[in-house]
Amino acid sequence: MQVPFYSLTRSHKAIRDALDAAIARVVNQGQFVLGYEVEQFEREFAHFIGTKYCVGVGSGLDALTISLRALGIGDGDEVLLPSHTCHATWLAVLMVGAKPVPVEVAHFLIDEGKLKKVITSKTKAIMPVHLYGYPCPMDGIMKLASEYGLSVVEDFAQAQGAMWNGKRAGSFGRANGTSLYPTKNLGALGDGGALTTDSEEIANFARAHRNYGSAEKNIHTQLGINSRLDEIQAAILRIKLRHLSQWNQERLVTAKRYFEGLDQVKEILLPPMPTKMSLPVFHQFVIQTNKREKLMNYLADSGIETSIHYRRPIHLQKAYGHLGYAKGSLPEAERLSEQVLSLPIWPGILDEEVDYVCEQIIGFFKTL
Ligand SMILES: Cc1ncc(COP(=O)(O)O)c(C=O)c1O
């Protein structure tokens, strides 16, 4: 049996006609950048997340960069963030001229208990990353931020629909960014991103910033960039948004099947289970083992594609050498990078495929 890590072709099958019709509608209308579809998507996505405003942009990286810029974060400022994340989280901080300050992780996420001791007079913001679809413990983070007068910018690229204490990821911070990259829980058929906020001022800043700093034709109120969401992508995202809760539910069902199927394997650490406070959307299903490379090869030989998020923590990447972090400075993030393995999980994966993955993992540990 072959089990792909992800199959968009299969997930799109049920909505293929609607996608084709949405594309045709935009082609017939003849407006391709920032029009009716983008406005409608922004309204609908803001409603889904539970914020007053959403601004569609060109990528998740841009959504995070514009969020930081809108909050006035720049030269000399420090931003607290995890090292066990996608490179783009750090890049956004660098893009505005600020300094990323990594904080250790616990259960994949920024460790709220370790935030306080790295706060300095230069700290301006905390960037919690809801990694793998798990919401960060936002009550503690928001309390600390308000105590120290810091902004919160959530990176919810991997957690569209996840909830912390009944509130959606992407609705806690002053300005938050998500990616709409095709493989995200909500993904376009190309690049895209969105900023969410309750602040009209931030939404207006972002609307101008994504369009060369111009909210009104020929009037440039700031130095902006070009990061606009296409009409075709927005029309596609509107269709997909209607299915997002159902797809997230399907991911949860698959995760439960993995939890049950792998329960007996003592050599692996399973990811955290959902709780009353934390409702993840299983963007990834990530196991941990110190036999990762061998297991990954064994599964590949059995026709199962897996992936690693992420193989090297950002503080040890060459591009960040100037920050001076040595191996051993963030032991948990470094351990995760050596032990995490992402299993196939996506809407449309079949029960027998999940069962086959579990059987092969069980089989692998019997060979040792
Ligand atoms: C956690 C996280 N942050 C930011 C990004 C950046 O998003 P994009 O690739 O749309 O720029 C991604 C996407 O890969 C991500 O997973």
>> As I understand it, the dipole of the stretch 197-296 uses +1 on the Cβ of Lys and Arg and -1 on the Cβ of Asp and Glu, about the Cα centre. Which of SER227, HIS209, ILE287 lies farthest toward its positive end?
In response: ILE287
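For Cα pairs less than 8 Å apart in space and 6+ apart in sequence, what is the mean separation divided by the residue count of the stretch 177-279, i.e. the relative contact order in percent? Walk me through the intermediate numbers first.
Details: 96 pairs, mean separation 18.9, N = 103.
Here the relative contact order equals 18 percent.
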> Most fluctuating residue of GLU78, GLU104, GLU353 in a GNM of the chain with Cα springs under 10 Å: which is it?
Replying inline: GLU353
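Averaging sequence separations of C-alpha pairs under 8 Å and six or more residues apart, then dividing by the length of the stretch 121-160, give the relative contact order as a whole percent. Before the final figure, lay out the partial values.
Details: 48 pairs, mean separation 23.1, N = 40.
Normalised by residue count, the contact order of the stretch 121-160 is 58 percent.
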>> Across the stretch 206-268, what fraction of all alpha-carbon pairs, as a whole percent, falls in each successive 5 Å bin from zero upward?
In response: 4, 15, 11, 10, 10, 10, 9, 8, 8, 7, 5, 3, 1
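For the stretch 196-331, what is Rg from Cα atoms divided by 2.2 N^0.38 Å, rounded to two decimals? The partial results should precede the final answer.
Values: Rg = 22.0 Å, N = 136, 2.2 N^0.38 = 14.2 Å.
For the stretch 196-331, the normalised Cα radius of gyration is 1.55.
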> In the calculated pair distance distribution of the stretch 59-136, what percentage of Cα-Cα distances lie above 14 Å?
Replying inline: 56
>> When the expected Rg is taken as 2.2 N^0.38 Å, what fraction or multiple of it is the alpha-carbon Rg of the stretch 150-200?
In response: 1.14
> Under a GNM of the chain (C-alpha, springs under 10 Å), which listed residue has the highest mean-square fluctuation: LYS217, LYS327, LYS116?
Replying inline: LYS217
> With labels modelled as points extended 7 Å from the Cα through the Cβ direction, what inter-label distance (nm, one decimal) is found for ARG242 paired with LEU19?
Replying inline: 1.5
> Using θ = phi - 60° and the Karplus form 6.51 cos²θ - 1.76 cosθ + 1.60, what ³J(HN,Hα) does each residue of the stretch 114-123 get, whole Hz, x for Gly and Pro?
Replying inline: 9, 6, 3, 6, 9, 6, 10, 5, 8, 5
>> I need two numbers for the stretch 1-117: Rg to one decimal and Dmax as a whole number, Cα atoms only, in Å.
In response: 19.3, 57
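Taking neighbour counts of Cβ atoms within 10 Å as a proxy for exposure, in what order, fewest first, do HIS315, HIS87 appear?
Working: HIS315 23, HIS87 14.
Result, fewest neighbours first: HIS87, HIS315.
Tally the DSSP beta bridges in the stretch 8-239 and give the antiparallel ones as a percent, rounded to 5.
The antiparallel fraction comes to roughly 55 percent.
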> Distance in nm between label sites at SER7 and HIS107, each 7 Å beyond Cα in the beta-carbon direction?
Replying inline: 3.4
> Per residue Cα convex hull volume for the chain, in cubic angstrom?
Replying inline: 135
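Full-extension gain between ARG335 and GLN31, please, as 0.36 nm times their residue separation minus the C-alpha to C-alpha distance.
Details: separation 304, 0.36 × 304 = 109.44 nm, distance 4.91 nm.
So the chain would gain 104.5 nm between ARG335 and GLN31.
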>> If I build a Gaussian network model for the chain, linking alpha-carbon pairs within less than 10 angstrom, which residue out of ARG25, ARG69, ARG238 has the largest mean-square fluctuation?
In response: ARG25
> Can you list the lysines whose alpha carbon is less than 27 Å from that of LYS167, not counting same-chain residues fewer than 8 positions off?
Replying inline: LYS52, LYS114, LYS116, LYS124, LYS143, LYS184, LYS240, LYS256, LYS276
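So what's the back-of-envelope 222 nm ellipticity for the chain, counting only DSSP H runs of four-plus at -39500 (n - 2.57) apiece and dividing by all residues, rounded to 500? Walk me through the numbers before you get to the answer.
Details: 11 runs with 142 residues, N = 368.
After summing the helix terms and dividing by residue count, I get -12000 deg cm²/dmol.
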> So what are the stretch 1-50's ellipsoid semi-axes, whole angstrom, largest first, if each one is the square root of 5 times an eigenvalue of the alpha-carbon gyration tensor?
Replying inline: 27, 18, 9
> Counting Lys and Arg as +1 and Asp and Glu as -1, each charge on the Cβ, what is the dipole of the chain about the Cα centre in debye, to the nearest 20?
Replying inline: 420
> If you stretched the chain out fully between ASP351 and LEU94, how much longer would it get, using 0.36 nm times the residue separation minus the C-alpha to C-alpha distance?
Replying inline: 88.2 nm
> With each label point set 7 Å from Cα along the Cα-Cβ vector, what nm distance links ARG311 and GLU216?
Replying inline: 5.2
> So which DSSP H runs in the chain come out at 27 Å plus along the axis (Cα) with average Kyte-Doolittle of at least -1.0?
Replying inline: 231-262
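Work the Kirkwood hydrodynamic radius out for the stretch 275-368: mean of 1/r over every pair of different alpha-carbon atoms, inverted, in Å. Kindly include the intermediate steps, with their values, before the conclusion.
Numbers: mean 1/r = 0.0656 Å⁻¹.
Radius from the Kirkwood sum: 15.2 Å.
For the residues ILE202, ILE362, what sequence is obtained by ranking on other C-beta atoms within 10 Å, fewest first? Write down the numbers at each step before the final one.
Working: ILE202 21, ILE362 14.
Fewest-to-most Cβ neighbours within 10 Å comes out as ILE362, ILE202.
Any read-out appearing in this document is the output of simple, stated calculations on the displayed coordinates, not a laboratory observation. It should be emphasised that the depicted structure is a prediction, and the values quoted were computed from it without experimental measurement. Neighbour counts are summed over all protein chains in view; Cβ atoms, including those assigned to glycine, are modelled from backbone coordinates with ideal geometry.
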